[in-house]
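Below: the structure, in structure tokens.
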């Protein structure tokens, strides 16, 4: 197989356009920094809170409509015994953004936080916020690594180039424009990438459906003559797991900095909410091309194409079914657009994750804990340095590790089990405290790890009802993710109230109250670290839209 020259040219041209857009946006970021009278680091982290409605809608939609979204949906629809019944992303990400706008955007934007970790740091202190930072930052790094690895594999199959070339090139471009322009570069490149994804994928759909090798997808939706009907089926014993996954993806997708950096960048509370609602609807709509392409893959007689037999599933290339369909069922000039769409989707996810992780480290770890006297210029340079370091780490993981998706799944489930209940408590249950936070963290972490992870070959020390073992792997059919999250939430609330009761009733001497939860200590002024964050959040007024 020779190198796909037209496809390679298309990808290079697209990468140049993205890089040029990111550099142009970086110039706008510099202009905003010169105008800024407050913390200049906020321009890089939250765009100076001047992201307008249209850009906000595109960049918030790009929170989830990325490489994993468009490739993953097509893969699940295509897989035997899965199908659209198990394709939960269109519903969960839609609900995720709508619920985020309804309940979480207002308190976060009203208090003018800069990162998702700010409320944790103010309420629970530096030790707990540092522990909570770990699953958040690991989730972002592993996600960047996973989608870079997926892109490398895709380019290796479609363009017949070495995997490492694609990973390194993509990582370098993402790092460069994110490094130069912060959120401005991320937001403006998101606009271009989203437009490209929408146009190119919808253009591909008619060509895939009308290809002579493809049967009527309405017929194959339920007909069992093909590998399996792409409508899929949920067995009775799998209903609990299906609901568990639905809740995990819906609620577990809320406490992520990649979402809140968009919310906190909005010029007003109402705009933050509106962009979340509209982005949620767009997520649902933009899933249709991938669903159709997955159905087309089920309906294709691959022996009539240049791909031939065995099928993608038999070759264990199901994860690349979307680019395979685009290459073998579309004309060359259309498939080139599709390949560009895949690259766009991956880059729109990777840049957000790198900026999210570096923003939290620079502000909540370096500025607030490591070096409290750091200047704004120093904070910006620390953020830029960590963008490079985190980007390099993601690229290295993508190149060297075969279990990236397993690491990401585990870290994202830890976000659901640990961060989501903590986030609910810090925003909506005012009497929770650091003792409860520590207890909830320990319960969530312990129960999730003890449930095991087949992908990483971690055995289940806790075997919930309905567990099944097959071919050396296990599957927990009990809704253990949500069970763990609920127990973590209850632990936070109960231990918080118990600690307050014990110290306020003087059942234990106040000297043992290391986290200061008694009435007397609650009246003390904020610590210097907490005051830094409080001042940052209170010193910035809302400004009119400038984008």
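Coordinate-derived values only; no laboratory data. Remember, it's a predicted structure, so these values are computed and weren't measured experimentally. Don't worry about glycine lacking a Cβ; one is built from the backbone with ideal geometry, like all the others, and counts go over all protein chains shown.
Observations
- Cα gyration tensor, the chain - rounded (a/c under 1.5), prolate or oblate: oblate
- Full extension of the chain segment joining residue 17 with residue 385 gains 130.0 nm, where the gain is 0.36 nm per residue of separation less the Cα-Cα distance.
- Potential lengthening of the chain between residue 284 and residue 332 amounts to 14.4 nm, from the contour at 0.36 nm per residue minus the alpha-carbon distance.
- Alpha-carbon centroid distance for the pair region 206-224 / region 45-100, whole angstrom: 26
- Folded to 0 to 90 degrees: helix 332-360 orientation relative to the chain principal axis, Cα: 10
- Taking the C-alpha atoms only, the angle from helix 376-400 to the longest principal axis of the chain is near 40 degrees.
- Likely footprinting exposure, 474, 81, fewest C-beta neighbours within 10 Å first: 81, 474
- Cα gyration tensor shape for region 74-179, rounded if a/c is under 1.5, else prolate or oblate: oblate
- Order of 281, 114, 16 - criterion: other Cβ atoms within 10 Å of each residue's Cβ, fewest first: 16, 281, 114
- Relative contact order [Cα under 8 Å, 6+ residues apart], the chain, whole percent: 27
- Cα centroid of region 293-313 to Cα centroid of region 163-191, whole Å: 33
- Approximating the spin labels as points 7 Å out from Cα along Cα→Cβ, the residue 35-to-residue 504 distance works out to 4.7 nm.
- Rounded if a/c under 1.5, otherwise prolate or oblate - region 1-122, Cα gyration tensor axes: oblate
- Segment residue 315-residue 516, length gained on full extension (0.36 nm per residue, minus Cα span): 66.4 nm
- Angle between the chain longest axis and helix 239-251 axis [Cα atoms, degrees, rounded to 10]: 60
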